[in-house]
Amino acid sequence: MVIEAKDVEKPDLDLSTVRRILVLDFSAVNYIDYMGAKTLKEVIAEARRCNIVIYISGANGSILDCMEKAKITPDEIPAIHIFHQINQAFTYAKSTSKPH
């Protein structure tokens with residue numbers, strides 16, 4: 001039996017009430033060059049245009065320095081959205097999510 005998309009009921013989902021987050025985990029990243037920072041800034045800007053809240057986790061000192069020089073932090077990503085570990089970012093995001 002094949003189920004087609006037209007046969008599946010779609011839930012009424014108001015995306016304006018859904019909190020969307022993006023956690024960028026840098027724990028395996030050692031270095032970002034200028035073009036990497038520029039691309040990251042563009043990705044963050046696009047996510048923000050789509051009302052996606054961005055969190056950074058696991059970034060080492062040189063990554064954070066590069067983000068600061070590229071004006072990603074604190075201009076695009078506030079300091080309260082930067083975490084040492086990914087689970088901290090998810091815990092924070094969950095604690096600040098809007099009730100539905």
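The values are calculated or read from the model by the stated rules, or taken from the named source; none is laboratory data. Just so it is clear, the model here is predicted, and its values are computed rather than measured. In this analysis, Cβ positions are derived from the backbone assuming ideal geometry, glycine residues included, and neighbour counts consider all displayed protein chains. These area figures cover heavy atoms from the full protein model, side chains too; ligands, DNA and RNA do not enter into them. Shrake-Rupley method; radii C 1.70, N 1.55, O 1.52, S 1.80 Å.
Figures for the structure shown
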{"item": "Those helices (runs of 4 or more DSSP H) lying entirely in region 23-100 with at least 2 residues open to solvent by 50 Å² or more (accessible area, probe 1.4 Å), of a type outside the set (S, T, N, Q) and touching an Asp or Glu at 6+ places or on another chain (Cβ under 8 Å)", "result": "34-49"}
{"item": "Conditions (1) closer than 16 Å to Arg20 by Cα; (2) of a type in the set (Val, Ile, Thr); (3) under 13 Å from the mean Cα position of the chain (by Cα); number of the one not met by Thr91", "result": "(3)"}
